[in-house]
Every structure is written in C-alpha cells, then in structure tokens.
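Input: a single structure, listed below in structure tokens.
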Amino acid sequence: MRFDTVIRHATVVTASDSFTSDIGIKDGRIVALALGLTEADEVIDATGLLALPGGIDSHVHLDQPSGDGIVMADDFASGTRSAAIGGNSTVLAFCMQEKGQTLREALKVYHAKAENKCHVDVAFHLVITDPTPEVLGQELPALVEDGYTSLKVFMTYEGLRLRDDEILATLDTARRTGALVMVHCENEDAIRYLIGRHEEEGKFAPKFHASTRPIAAEREATHRALSLAEIVDVPIVIVHVSNREAMEEIRRARQRGQKIAGETCPQYLILTADDLDQEALEGAKFVCSPPPRDKASQDACWEGLEQGVFDLFSSDHCPFRFDDAEGKLNEKGKRHFRWIPNGIPGVGTRLPILFSEGVRKGRIDLNQFVALTATNHAKLYGLYPRKGTIAIGADADIALWNPEKRVTLSNDLLQHGADYTPYEGLEVEGWPVRLLVQGRTVMQDGALAGADQPQGHYLPRGKSALVRPAA
Ligand code: URP
Ligand code: ZN
Ligand code: ZN
C-alpha cells in the first residue's frame, strides 16, 4: 500500500504501551503500525522523537461573553492556534446558554464563532444556565442524540449558578439521556458572605479573591454535588479540583460505589495563592476559580494524578488580557477583586508543564501522561477510539515530542490572545515539535504549518464510557 504519510522510527506511546514503529497514514487515518513502511508521498523521520496521541484539552473557554465590557482574549482562531502550538489536536470548548436562550440558539451562535476558524478539531460542552422544563425535557434529550453528550453546571457565579433543585433536575435528564455532567463546585452563598465581610474590612486587592473562595467552600460544594449525583444515581465529573479535601470527597464517593471522574489543572500544581499577592495589581494575572492554594494542595493534586484519583488533566483555559480595560485591569477590577474576570490562559502550556514536571521529574510515566492528557478525555467525552490513541483506524492525530528539548516558557511562544502567561520564565524539558491533525501537519517547530485556511473539524460525539452500561 502507498501511504499519504509515513512517520518513521517513532517511539509510539499510548495509554498502555510504548513501542518502536513506523506509522502509516492514509486519508487522515492511521492504517498501519509496523517497521519498514516506506512507500509514501511524505516521509517524516521521527528518530529520537516520541509519537504521542495529540493532546485533547476537554476544558477550554473560547469567545465566551464574560460580563459588561469584558472580552475574552481568545476566539476560536487564536485559542486553537495556541492549542496546536502546545501539542493539542482536539479541544472541547463550552457553549454557554444565555438566560432565556434555547440550547439550539446557543449552539448556532457557537458554531458560527468556530466555523472556518479552528486549527484543531473541536467539540462543544453545553453550559446549562436556564434549566427550564422545555430545555431539560425536550431540547437536551434531542441534543444528546445529536452528539452533544456532555454539559456543565455551575454552583457558583451570579447568573450562572444553579440551585440544588435545578441541579437535581439537570442530573435527572442526564441520567435518562446518557449525558455526562461536569460540575463546578464552589459554594456561592459562602463566597458572597465572605466578599461582604472583606468589603466591610476594606479588603479589595486581588489577593482577597483567594481568601473569599476558601477550600471549605470548594469541599462543601464538591460533597454536595457528589451527594446529589448519588441521589439521582448518575455519574458526574468534578472539574478543576484544587486541593486535598475536595479530592478526598471524590475518593470517598468512589468507595461508596459512585462512578465519578475527577479533573485537575496546571494552575493547581504550579501556582499558589501567594501569586495573587503582588505589587501593582500583578496578582490579577492569577485570579481564577477555584483559586490556586498552597504547597500542600499542590502535593495533593500530584498525588491525585499519580494515584488515579484524577482521570483528566485539563487547562481550564479562560484567557483575559492583563493590561487592558476589557480584561483583568478593567476600571472596576483595578479597584475591587470581585470585578477581575476569573480565568487564566493555559491551553498552550498544559502539556509541556505536565510532561516536564510530571514525566521528566519521575512523578508519572509516559503512559499515564497520555492517559491524563488525551485517552481519558476521549473515553470520558465520547470520542474514543477515533481520538485519544495511536491505533489502526484512529484519526492520525499525532504529536511528535522531543523529550529533551528545554524551553523557557514565555508569552511570545504561545500565540494566544492574552498578553501574558502565568508561567512566564518556567523552565520545561520536553516540547511538541510537530503536530498532525487527521494526517495533516498543523504545527511544526512552534509555528502553524500547511494550509493558510484553518481546517479543524467539528466533532459530534458518542456517549461517555462512564455512562454507558458495561458490556
Ligand atoms: O476561573 C475560571 N476557572 N474561569 C473559567 C470558568 C470556570 O469556572 O471554569
Ligand atoms: Zn468552572
Ligand atoms: Zn472552566
């Protein structure tokens, strides 16, 4: 057989195996894994490189409305560009329902935002902010059948949070339809109480974002979400876990027999609340929710990754420009932490950070890295085995990594829309040097490659491996 592309002499790594092989690609798919493949239009020599499944970042915010006068720093073009630079071949972005809007209307808006703009493949999670009987009874079941098989609910943020009865009703629809629900766990009433107390005490600096969102507020909401899921008898994903206490809630729920997935993110391994406590409002760069905690919490998140409490390592990329009236330093945000938009950029740095701090430092092995950054995302969000692995028949989504390349992270490298990275100056070892998406080279040596026109595809999805009945 003549291939479109052959990758030669690669060390192929999947979630379970590592082996030396050539990879034969035809019509965007992997069609051969063997030594001695030569007949191809294009031959890529991968001697000394690792061939990993392209990263799947299943927690990415792009082009979302973010409050009066605030503009998210990345649209689907710049966000997926940075994703490709960082070795990702698929991102799962959020489609945010506005209050009063139908889910179909929201999807129309987000498909239009993404159309002809994406450099990597994309799919959407639905964010449910208005769970009316029509939305839960009619729209959502039809959309799950159409391939929108996951959704997110918030327990915090004014205007987004759902009450417990609304969460129960949403979980019940998920149970009936086979959708997977992601839950943002922080107790909004407790946070509002603490914001009030801080205001009385004249505490307005960015660092007080962290002290108004304490671990107890995350732990309590995590416990409550897990309890609501137990009552309904439905699997859920606890997203962006920042500390041991919330993580232990996941362990305990699993011990009770619940099917739960857990996610953590780079910010909870690298940053702490001290990063918010800096001169000249610099701390605003690190405002995200839940906030980064302390060294003990970082150690706990590492333990969760090493021991399999966390299935997913995602970026929670939610970028705002720093020195910008439409970003972190908007007029109100300069004066009060509660008006600093929540979120940090990270889609381009997620993989190098875990590779360097996790694999190169011996905390996790390469197979765990692949599972945490690609395979588990594909399985949990209904993209497996088309995505998330290197196997015959899978899409040829392949990231070639130089495991020894040393890079000092800097904003210029990342090609996102934000004017900073929270990881400026961090030295990493291991870097994705080439990325193929459905067989096409999309990134090479830190630059977009190939066709000028973005060619990422929208991906309808099947049901999660977590909700499918065991065969
Ligand atoms: O601060 C954060 N994480 N912003 C993004 C929205 C969310 O809660 O995931
Ligand atoms: Zn969230
Ligand atoms: Zn998020």
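The values are calculated or read from the model by the stated rules, or taken from the named source; none is laboratory data. Worth saying up front: this structure is predicted, and the values here are computed from it rather than measured. Here the Cβ positions follow ideal geometry from the backbone for every residue, glycine too, while neighbour counts run over all protein chains shown. Ligands, DNA and RNA are stripped out before the accessible areas are found, and what is left, the full protein with its side chains, is counted by its heavy atoms. Shrake-Rupley method; radii C 1.70, N 1.55, O 1.52, S 1.80 Å.
Normalised by the number of residues in the chain, the mean separation of alpha-carbon contacts (under 8 Å, six or more apart) gives a relative contact order of 22 percent.
Distance between the pseudo-spin-label points of E145 and H9 (7 Å out from Cα toward the beta carbon): 5.4 nm.
Cα centroids of segment 207-268 and segment 70-125: 26 Å apart. On full extension, the segment bounded by D324 and R256 gains 19.7 nm, given 0.36 nm per residue less the C-alpha separation. Computed from phi, the 3J(HN,Hα) profile of segment 117-130 under the Karplus parametrisation 6.51, -1.76, 1.60 (θ = phi - 60°) reads 10, 8, 8, 10, 6, 9, 9, 10, 8, 8, 9, 8, 10, 9 Hz, with x in place of Gly and Pro. Applying a DSSP loop filter and a limit of 11 other Cβ atoms within 10 Å to the GluC sites (Glu not before Pro) in segment 76-115 leaves E115.
Taking 7 Å steps out from each Cα toward its Cβ at D274 and A112 produces label points 4.8 nm apart.
The residues of the chain present an accessible area of 37 Å² per residue when probed at 1.4 Å with all protein chains retained. According to the calculation over all Cα-Cα pairs in segment 281-328, the P(r) per 10 Å bin from zero is 21, 40, 26, 12, 0 %. Using a cut-off of 25 Å between Cα atoms, the listed pairs K259/K463; K203/K285; K207/K328; K152/K405; K295/K361 include K152/K405 as exceeding that distance. Length gained on full extension, K334 to F19, computed as 0.36 nm times the residue gap minus the Cα-Cα distance: 108.1 nm.
Multiplying the residue separation of R468 and Q444 by 0.36 nm and removing their Cα-Cα distance gives an extension gain of 4.9 nm. Using helices alone, what [θ] at 222 nm do you get for the chain, with -39,500 (n - 2.57) per DSSP H run of 4 or more residues, divided over all residues and rounded to the nearest 500? Rounded to the nearest 500, it is -7500 deg cm²/dmol. Restriction of the GluC sites (Glu not before Pro) in segment 376-471 to DSSP coil positions whose beta-carbon has at most 15 other beta-carbons within 10 angstrom yields E424. Rolling a 1.4 Å probe over the protein heavy atoms of segment 139-294, with every protein chain left in place, gives an accessible area that is 48 percent carbon and sulfur. If R0 is 30 Å, the Cβ-Cβ spacing of D27 and V407 corresponds to a FRET efficiency of close to 0.35. Loop-located GluC sites (Glu not before Pro) in segment 119-221 (DSSP state not H, G, I, E or B) with no more than 12 neighbouring Cβ atoms inside 10 Å: E158, E201. DSSP beta bridges confined to the chain are antiparallel in about 45 percent of cases. Within segment 247-357, all pairs of alpha-carbon atoms sorted by distance into 5 Å bins from zero give the percentages 2, 12, 19, 20, 17, 13, 9, 5, 2, 1. Between the C-alpha center of segment 302-371 and that of segment 1-54 there is a gap of 31 Å. Placing a label point 7 Å from the Cα of E248 along the Cα-to-Cβ direction, the residues of segment 288-319 whose backbone N falls under 19 Å of that point are 293-310.
Only Lys, Arg, Asp and Glu carry charge here, each on its Cβ (+1 for the first two, -1 for the last two); on that basis the chain has a dipole of about 840 debye about its Cα centre. Cα convex hull, segment 54-359: 125 Å³ per residue, rounded to a whole number.
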